[in-house]
Amino acid sequence: MDRPDHRKPVIFDQALVNGTLTPVSLLSDGTLWCLDGGKRCLHLEKEVLGFVTDGPDIRIKSLVDSRRSGCFPTNRGKLVRKDIVFQSLSEESQRLWCQNLREFLDSFGRPKRLFIFVNPFGGKKAATKIFLHHVKPLLDDAEIQITLQETKHQLHAKEVARTLDISKYDGIVCVSGDGILVEVVNGLLERQDWDTAIKVPLGVIPAGTGNGMAKSLLDSVGDPCTAANAALSIIRGHKRSLDVATIKQGETRFFSVLMLAWGLVADIDIESEKYRWMGSARIDFYALNRILNLRQYTGCISFVPAPGFEAFGEPLSYNGKCTVEDNNHDLKEAEHIKLQKSCYQGPDINLKNLNWKVINGPFVSVWLHNVPWGSQDALPAPDAKLSDGCLDLILVKKCPKLALLSLISELSSGGHVKSPYVMYLKVKAFILEPGSRVAKPEKEGIIDADGEVLARGKGTHKCDDLTLMAYDQLQVTVDQGLATIFSPV
């Protein structure tokens, strides 16, 4: 049996290009050729956003690599908008071109209606400008209808996601750092129809401080972490599953898609806020400060190792005391039970039947990651996968200060995991029992989840501020592939 010819011409035509009669063809593999001397071609699925007609003219709107020559890829450069315009020689020819172009584009399953959050307050406060200048023109070229919502305050996106009519949209896009995405995930999982809502594809345009999710997605195919690359991946409509971790304490839950940190990383992330006037340099400045004045914390971590990582830790029986008592007495008991039954509870796992391990402190840093990149320049978990049902645990116990400085300098490449002072493993479930500082037992630490303070202990920065959870034992479980996210592949 003969193999099908995937490059068979669908249309081969003569058209006017810049006033010159030129061969133009559309092949069955979705390649558009324009043999106008430059031998130009476009790949409909990868590069073409849409097309419009203007009288006899057909204008193909595309987003292409600025370094590409003809049809041959080169080293990746900046994506630029580019139009190819040709004039059909007859109305019938134009009709056939439009029909075939539309059939091709529709066959890709691209989104047609998007709900878009823009966070004007995050990072350098550039999200609105990024959206208007770098994202909206591409969505317009792709003829995607948008509903725009600027976030007004913290948790606004969560509130909107909790009540949004998801049937009207093919996806929800966050033009921000990682915080708005986390709010949207939590809002969707607090709905009564959470099991349907969480399958709505989510998209991220990097426009904040960290941008760890966008970096993780784009870096997986070697693309730069730019708004144009992220927008193109959303327009093309490719999707992949994303693990969601449930952090639980009593009846309180927080749904995480990025990371949880306690110790050095959390202290740097949260306490450096007092130096926000320094801009991005605040992280490096405060990291040096914290290493020179290094803290260690007492405490204990328990975990279920993923296959291949059973050598880490000492065996432990699950003690059943996975969470502290819930301190929220604002809801009546009946209302509370009704609320709990109506929203997502976390993965259905029998924790008692799993093979638990334990590692006791003191600790310098405990870092749990769902995706490889924590920000655009930090690769804490180079082996992390978006939907493997595991979290990557990066653990530092004792470490000399000079070695710790070297370790931190390797964070941008992921080389820190090769340090003898780092334990790097994958876990299926995790329990954190945070303790006090070794040198100052009257002071405790900070627990950071997805860039937000989850809990503050005694004597910490802004320790009197309200937090979602207490500085006490908490449990983390993973629901493999629960969410869906727009992806380059």
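Take the range 165-176 and flag every residue that is open to solvent by 10 Å² or more (accessible area, probe 1.4 Å) and closer than 23 Å to Leu132 by Cα. Steps first, answer last, please.
Start the filter on the range 165-176 by keeping residues that are open to solvent by 10 Å² or more (accessible area, probe 1.4 Å), which leaves 165-170.
The answer is Lys168, Tyr169, Asp170.
Looking at Glu433, Glu410, can you tell me which residue is under 21 Å from Arg290 (Cβ atoms) and open to solvent by 40 Å² or more (accessible area, probe 1.4 Å)?
Glu410 is the lone residue from the list that is under 21 Å from Arg290 (Cβ atoms) and open to solvent by 40 Å² or more (accessible area, probe 1.4 Å).
Let me spell it out: the conditions are (1) within 22 Å of Ser272 (Cβ to Cβ); (2) open to solvent by 10 Å² or more (accessible area, probe 1.4 Å); (3) outside any loop (DSSP other than H, G, I, E, B); (4) of a type in the set (Gly, Ala, Ser), and Ala439 meets all of them except one. Which number is the exception?
(3)
For the range 79-97, indicate whether the set of residues that are basic (Lys, Arg), touching a strand residue (DSSP E or B) at 6+ places or on another chain (Cβ under 8 Å) and farther than 30 Å from Leu16 by Cβ is non-empty.
Filtering the range 79-97 down to residues basic (Lys, Arg) leaves 81-82, 95.
So of that shortlist, the ones also touching a strand residue (DSSP E or B) at 6+ places or on another chain (Cβ under 8 Å) come out as 81-82.
Applying the additional criterion that residues be farther than 30 Å from Leu16 by Cβ yields none.
Looking through the range 79-97, none of the residues is basic (Lys, Arg), touching a strand residue (DSSP E or B) at 6+ places or on another chain (Cβ under 8 Å) and farther than 30 Å from Leu16 by Cβ.
If Lys82 meets every condition in (1) at pLDDT below 95; (2) open to solvent by less than 50 Å² (accessible area, probe 1.4 Å); (3) in a strand (DSSP E or B) apart from one, which number is that one?
All conditions pass for Lys82, except number (2).
Mind telling me which of the residues Asp392, Asp388 ends up being out of contact with any Gly (no Cβ under 6 Å at 6 or more places or on another chain), buried (at least 16 other Cβ atoms within 10 Å of the Cβ) and free of Cβ contacts under 8 Å to residues at least 40 places away in the same chain? Lay out the reasoning, then the answer.
Details: Asp388 fails: free of Cβ contacts under 8 Å to residues at least 40 places away in the same chain.
The conditions single out Asp392.
Which of the residues that make up the range 348-378 are in a strand (DSSP E or B), touching a Phe, Trp or Tyr at 6+ places or on another chain (Cβ under 8 Å) and among the small types (Gly, Ala, Ser)?
Ser365 - this is the single residue of the range 348-378 that is in a strand (DSSP E or B), touching a Phe, Trp or Tyr at 6+ places or on another chain (Cβ under 8 Å) and among the small types (Gly, Ala, Ser).
Check Gln345 against each of (1) open to solvent by 20 Å² or more (accessible area, probe 1.4 Å); (2) in contact with a Phe, Trp or Tyr (Cβ under 9 Å, 6 or more places away or on another chain); (3) farther than 24 Å from Gly445 by Cβ; (4) assigned to a loop (DSSP other than H, G, I, E, B) and name the one condition it does not meet.
Answer for Gln345: the failing condition is (2).
Out of Ile144, Ile116, report the one residue that is out of contact with any helix residue (DSSP H, G or I) (no Cβ under 6 Å at 6 or more places or on another chain) and under 21 Å from Val64 (Cα atoms).
Details: Ile116 fails: under 21 Å from Val64 (Cα atoms).
The match here is Ile144.
Considering the range 229-248 alone, what residues qualify as being open to solvent by less than 10 Å² (accessible area, probe 1.4 Å), more than 12 Å from the chain's Cα centre (by Cα) and farther than 22 Å from Arg113 by Cβ?
Ala245, Thr246, Ile247
Among the residues that make up the range 121-139, is at least one of them closer than 14 Å to Gly179 by Cβ, open to solvent by less than 40 Å² (accessible area, probe 1.4 Å) and more than 18 Å from the chain's Cα centre (by Cα)?
no
Since Val417 meets every condition but one in (1) part of a strand (DSSP E or B); (2) open to solvent by 20 Å² or more (accessible area, probe 1.4 Å); (3) closer than 25 Å to Phe312 by Cα, which condition does it not meet?
In the conditions (1) part of a strand (DSSP E or B); (2) open to solvent by 20 Å² or more (accessible area, probe 1.4 Å); (3) closer than 25 Å to Phe312 by Cα, Val417 misses (1) alone.
Only one residue in Ser419, Ser406 is modelled with pLDDT under 95 and over 28 Å from Thr252 (Cβ atoms), so which one is that? Give the derivation first.
Details: Ser419 fails: modelled with pLDDT under 95.
Answer to the selection: Ser406.
Considering only the range 85-120, state which residues are assigned to a helix (DSSP H, G or I), touching a Phe, Trp or Tyr at 6+ places or on another chain (Cβ under 9 Å) and open to solvent by less than 40 Å² (accessible area, probe 1.4 Å). Quick ask: steps written out before the conclusion?
Step one: of the range 85-120, the residues assigned to a helix (DSSP H, G or I) are 91-107.
Checking which are touching a Phe, Trp or Tyr at 6+ places or on another chain (Cβ under 9 Å) leaves us with 97-98, 101-102, 105.
Once the filter is applied, which keeps residues that are assigned to a helix (DSSP H, G or I), touching a Phe, Trp or Tyr at 6+ places or on another chain (Cβ under 9 Å) and open to solvent by less than 40 Å² (accessible area, probe 1.4 Å), the range 85-120 yields Trp97, Cys98, Leu101, Leu105.
Can you tell me which residues in the range 470-487 are outside any strand (DSSP E or B), open to solvent by 10 Å² or more (accessible area, probe 1.4 Å) and not charged (D, E, K, R)?
Ala470, Tyr471
In the range 361-385, what count of residues is obtained for those that are open to solvent by less than 10 Å² (accessible area, probe 1.4 Å), under 17 Å from the mean Cα position of the chain (by Cα) and not aliphatic (A, V, I, L, M)?
Here the count works out to 3.
In the range 146-155, which residues are under 22 Å from Leu132 (Cβ atoms) and within 19 Å of the chain's Cα centre (by Cα)? Break it down into steps so the answer makes sense when it comes.
Going residue by residue through the range 146-155, those that are under 22 Å from Leu132 (Cβ atoms) are 146-153.
Scanning the range 146-155 gives a single hit, Thr151.
Tally the residues that are of a type outside the set (S, T, N, Q), out of contact with any Asp or Glu (no Cβ under 7 Å at 6 or more places or on another chain) and over 30 Å from Pro315 (Cβ atoms), restricting the search to the range 274-302.
So the answer is 16.
When you go through Gln192, Gln296, Gln249 one by one, which is the residue that is touching a residue at least 60 places away in the same chain (Cβ under 8 Å) and out of contact with any Ser or Thr (no Cβ under 9 Å at 6 or more places or on another chain)? Can you show your working first?
Details: Gln192 fails: out of contact with any Ser or Thr (no Cβ under 9 Å at 6 or more places or on another chain); Gln249 fails: out of contact with any Ser or Thr (no Cβ under 9 Å at 6 or more places or on another chain).
Every option except Gln296 fails the conditions.
Taking the range 212-228, which residues are more than 14 Å from Val173 (Cα to Cα) and surrounded by fewer than 24 Cβ atoms within 10 Å (Cβ to Cβ)?
Of everything in the range 212-228, those that are more than 14 Å from Val173 (Cα to Cα) and surrounded by fewer than 24 Cβ atoms within 10 Å (Cβ to Cβ) turn out to be Asp219, Ser220, Val221, Gly222, Asp223, Pro224, Cys225, Thr226.
Considering only the range 7-27, state which residues are of a type in the set (Ser, Thr, Tyr) and open to solvent by 50 Å² or more (accessible area, probe 1.4 Å).
We begin by selecting, within the range 7-27, every residue of a type in the set (Ser, Thr, Tyr); these are 20, 22, 25.
Residue satisfying the conditions is Thr20 alone.
The values are calculated or read from the model by the stated rules, or taken from the named source; none is laboratory data. Computed from a prediction, not measured in an experiment: that's the story for all the values here. With ideal geometry, Cβ positions are generated from the backbone for all residues, glycine too; neighbour counts draw on all protein chains shown. To get the accessible areas, we keep the full protein, side chains included, count just its heavy atoms, and leave off ligands, DNA and RNA. Shrake-Rupley method; radii C 1.70, N 1.55, O 1.52, S 1.80 Å.
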